[in-house]
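First comes the structure, then the notes that go with it.
Here, each number is a calculation from the coordinates, and none is a lab measurement. Keep in mind that what you see is a predicted model, and the values were worked out from it rather than measured. Ideal geometry is used to build each Cβ from the backbone, glycine not excepted, and the neighbour counts take in all protein chains shown.
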C-alpha cells in the first residue's frame, strides 16, 4: 500500500531488535524501526504525503530521462564524430563500451551503499560527477580522442549511482498496482530519453554547426534535476510500503546478500533475460541511425560526400520512433500485467518472453529490407522496439517483489553489472568489430560499407531468442520466490498500529554516509 501519515521522531523506547536469522525463512537482517506515538508533537517533521511521493517520482523520472538522453546524444551524431576524429566502426563503438564498463563496475559499490546509507546523498554525489564529466566531454578537440573516451567512462560513475538506487526509493514509497504504475512512469523515460537524445543531438548539431554543442544541453538541464533531487526527494525507510511505513533495516554482510540473491532462481533467470535485452537495445540504439544512413548511401538516394554522410533525418526519425514505441510499449506492458496478474501468477515473465521472441522476426525484416525500402524498415524498427519496451517496467517490478527490501539496491546493482557486462557494454563494440572485419576483407565501396554492418547485425535476432528462453525459465520460479519474499516481511514485521491511527514513516534514524 502507499505510505501515509505524518513523519515523526522515534519514541524514546524503540522496539527491540529481532534477528531474522532465527526465523524459518531466509536470513537478511533485523527490524529496528518503531511506530510513532499517537499524538503528533510540535517537533513533528514534514509528512511523506501522497502528493510529496508523487513529486518525488516526478523528479526521479526527470533525471532518468536526462540520463538516457545524454547517453544517446552521441549516437545521434555518430557519423559526424567518426569524421571529426577519423575513427573506425569498432573504435566508435568503444565510446559506448567504456561508458557502460565504468557503469557496471561501479554499480555493485553503489548497491552496497544504497542498502545501508542515505540514498539521496549518494545519488547527489554521483549526479554531480555526471554533470562535470558530461559537460567536459563537449570541449574535447580533434587531437584528444583519448580524453573523450576517458570522460565518457567517468560519466558512467554518476549513472551507476542513480540507476542502482532510484528504483528502490519508488519501491519504498508505493506497493501493489500503484508501484507498477510509478515504476512504469520511471521506465518510460528510458525510451523517451533515448529518443530525445537522437533528436536533440542531431537538431542542436544542425543549428550550431558543431556536435560539441549537442553535449552541453543535458548538463544544463541536469543541474536543475540535481537541485530538485536534494530539495524534494525523501529517503523513506527500506520496506516502508510493505510495512505500513515502519520499514525494515537489514544487518547482513555483502556476502550474505549475494548468496541470498544467487539462490533466488527467478532473480537469476530474469537477470539473464535482461542481459539479452540489454545486448539488443544497446546494439540497436547505437548503430541503427548509422545503419540507415549507409543503406541510403547504398541506394544512392543522397550525395556521397563526407559532409552529407550524416543524414539528420535518420536521427530525427529514429528518435521519434524510439519515443513513440517506448511510450506505447511500456503502457501496453503495464496494462497487460495489470490485466493478467491476478489470473496468471507468472504473467509478468511470460509477457517479457513474448516481447523478446516477438521482436526477433521484426529484426530480421529490418536487416534485410533496409537496402530496398527505408519506410518499411522504420515500420519494423517501431514494432521491434515496441515489443522490447513491453519489458521495461515489468522487469523492475519483478525485482522489487521477489527480493526483500533490504537487499534491493544490491539486487539492482548486480543485475545492472551482469546485464551491461554481457549486454550493451560489448554489443556496440562487437557489432562494430564484426563490421570492420567483413569490410576489410572486401572492396572499399559504399555498398560493402553498408553490407558489412548489415551482416554484423545478424547476431541480434539470435540473442532475442535466447532472451525469450530465459524469461520462460523465470516463469517457472517467480510465484514461489514472490511468496517467499512476502512471507519474510510478514513474519518478521513489528506489530502494526490499530485502525485508530495511521502509521508514520521514520526518516530521522537513517544512517548517514
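Please give the peptides 262-272, 386-396, 179-189 ranked by average Cβ packing (other Cβ atoms within 10 Å per residue), highest first, as a rough proxy for protection. Show your work: numbers first, answer last.
Details: 262-272: 20.9, 386-396: 26.2, 179-189: 22.9.
Output ranking for 262-272, 386-396, 179-189: 386-396, 179-189, 262-272.
Per-residue counts of other Cβ atoms within 10 Å, averaged by peptide: what ranking do you get for 113-125, 207-219, highest first? Kindly include the intermediate steps, with their values, before the conclusion.
Values: 113-125: 20.6, 207-219: 18.0.
Packing order, densest peptide first, comes out as 113-125, 207-219.
If segment 112-151 were replaced by its equivalent ellipsoid, with semi-axes equal to the square roots of 5 times the Cα gyration tensor eigenvalues, what would those be, largest first, whole Å? If you can, show how the numbers build up before the last one.
Numbers: eigenvalues 183, 20, 3 Å².
For segment 112-151, the ellipsoid semi-axes come out as 30, 10, 4 Å.
Which value, in Å to one decimal place, does the Kirkwood hydrodynamic radius take for segment 416-479 when every pair of different Cα atoms is included? Don't jump to the answer; show the numbers that get you there.
On the way: mean 1/r = 0.0731 Å⁻¹.
Final number for the Kirkwood radius of segment 416-479 is 13.7 Å.
Given C-alpha coordinates of segment 81-230, what is the ratio Rg to Rh with the Kirkwood estimate of Rh?
Details: Rg = 16.8 Å, Rh = 16.7 Å.
When Rh is taken as the Kirkwood radius, the ratio is 1.00.
Compute the Cα gyration tensor for segment 359-461, then decide on rounded, prolate or oblate, letting a ≥ b ≥ c be the square roots of its eigenvalues: rounded whenever a/c is under 1.5, prolate when a/b is larger than b/c in the other cases, and oblate in all that remain. All intermediate terms of the calculation are to be shown ahead of the outcome.
Values: a/c = 4.95, a/b = 1.85, b/c = 2.67.
Verdict is oblate for segment 359-461.
How big, on average over all directions, is the shadow cast by the Cα convex hull of segment 325-388, in nm²?
Values: hull surface 16.5 nm².
Computed as one quarter of the Cα hull surface, the answer is 4.1 nm².
Which order do peptides 374-381, 320-327 fall in by mean Cβ count within 10 Å, highest first? Before the final figure, lay out the partial values.
Working: 374-381: 17.2, 320-327: 20.9.
Those peptides, ordered most packed to least, come out 320-327, 374-381.
How are the alpha carbon pair distances in segment 51-149 distributed across 10 Å bins from zero to the largest one, expressed in percent?
12, 39, 30, 15, 4, 0
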